[in-house]
Amino acid sequence: VKDISEGDFNLHNDFLNKLMGINPFIKSYKRIADIISYQQKILSEYKAAFNNFKSSGSFTIEEIAYLSNVYNNLFNKSLKNLDELLMVITAGTMRMSDDERLAAIEKIFTDMQDKLSFLRDFNNNTGLLSMQRSRENNEVKSSRKLNGITK
């Protein structure tokens, strides 16, 4: 009975240890590189847009603070995605089957895709608002010049 129970324990222990290891296929799974690429795009696109919006003169200090808050929240959430990814693909951190790891990676990938899509929509809408305000400001200046108003 002792040998059987030890054999059963060893079998379970081997199974659990395999769940802690990482299949080499998973480590080289294309979605991992895509997730990292999305993170880089999020960082570079938000920085470029934010710097552009700050220097445009189209936004108040409060609006710039709001934009900063949106970008910081988005970036911090994307960093949490990278932390999750690291846990999923690091041996010894989580007991998951290969299918569970792939599903977790796919979930992180989709979430990063959504974040990048949100960022691009947000930047486009904010850019349009900036252009509209700039155009309106130019129209006011032109109107004042035509009417001889120097203010």
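Evaluate the following for L128: is it under 25 Å from N72 (Cβ atoms) and in contact with a helix residue (DSSP H, G or I) (Cβ under 9 Å, 6 or more places away or on another chain)? Here the answer is no, as L128 does not meet what is asked. Considering (1) of a type in the set (G, A, S); (2) at pLDDT below 95; (3) open to solvent by less than 50 Å² (accessible area, probe 1.4 Å), the lone condition that A49 does not fulfil carries the number (2).
Beta carbons closer than 6 Å, at least 6 apart along the sequence or on distinct chains, pair a first residue in region 35-52 that is in contact (Cβ under 8 Å) with a residue 60 or more places away in the chain with a second that is buried (at least 16 other Cβ atoms within 10 Å of the Cβ) and polar (S, T, N, Q) for Q39/S78; I42/S78; A49/N123. Are any of the residues in region 138-145 at pLDDT 90 or above and open to solvent by 100 Å² or more (accessible area, probe 1.4 Å)? Within region 138-145, none of the residues are at pLDDT 90 or above and open to solvent by 100 Å² or more (accessible area, probe 1.4 Å). The residue that is least open to solvent (accessible area, probe 1.4 Å), counting only those in region 115-137 that are modelled with pLDDT of 95 or more and basic (K, R), is K115. Here R101 clears all of (1) of a type outside the set (S, T, N, Q); (2) part of a helix (DSSP H, G or I); (3) over 20 Å from I35 (Cα atoms) except the condition numbered (3).
The values are calculated or read from the model by the stated rules, or taken from the named source; none is laboratory data. The model shown is predicted, which means the values in this text are computed figures rather than measured ones. Neighbour counts run over all protein chains shown; Cβ positions are idealised from the backbone, glycine included. Areas reflect the complete protein model, heavy atoms only, side chains present, ligands, DNA and RNA absent. Shrake-Rupley method; radii C 1.70, N 1.55, O 1.52, S 1.80 Å.
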